[in-house]
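Below is one structure, written out as structure tokens; the observations come after it.
The values are calculated or read from the model by the stated rules, or taken from the named source; none is laboratory data. All values reported here derive from a predicted model rather than from experimental measurement. Note: accessible area is taken over every heavy atom of the protein model, side chains too, but ligands, DNA and RNA are not part of it. Shrake-Rupley method; radii C 1.70, N 1.55, O 1.52, S 1.80 Å.
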Amino acid sequence: MTKQKIIERTLKAINQLPEDKAEEISAFADFIFKRYEEHELTTGIHKLASESQSFDFLKTEDEIYSIQDLKEVYNG
């Protein structure tokens, strides 16, 4: 079924319902849309973070200290 057919069928059903039931459907549609919007936003943020090179410096950390820097060697 196409999106247009689904919309037409839903509108037909809503037009036959009392106002309070139509409001429930509207509230549910808002809820579904907000959930979809949040999912899309989260997906976009994940994609942006995974493709970003901002934190690439963490992958190759420079050796700042060596064994010679130790004042005391632990031989546990």
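Details
- Axis angle, to the nearest 10 degrees, between helix 3-16 and the longest C-alpha principal axis of the chain: 50 degrees.
- The chain, accessible area per residue, ligands and nucleic acids excluded (1.4 Å, Å²): 105
- Acute angle (nearest 10 degrees) that the helix 19-51 long axis makes with the longest principal axis of the chain, alpha-carbon atoms: 30
- Think of it as helices only: each DSSP H run of n ≥ 4 in the chain is worth -39500 (n - 2.57), and spread over all residues that comes to -22000 deg cm²/dmol at 222 nm.
- Whichever lysines have a C-alpha closer than 27 Å to that of K47, once near sequence neighbours (fewer than 8 apart) are set aside: K34, K59
- Projected onto planes of every orientation and averaged, the convex hull of the alpha-carbon atoms in the chain covers 12.4 nm².
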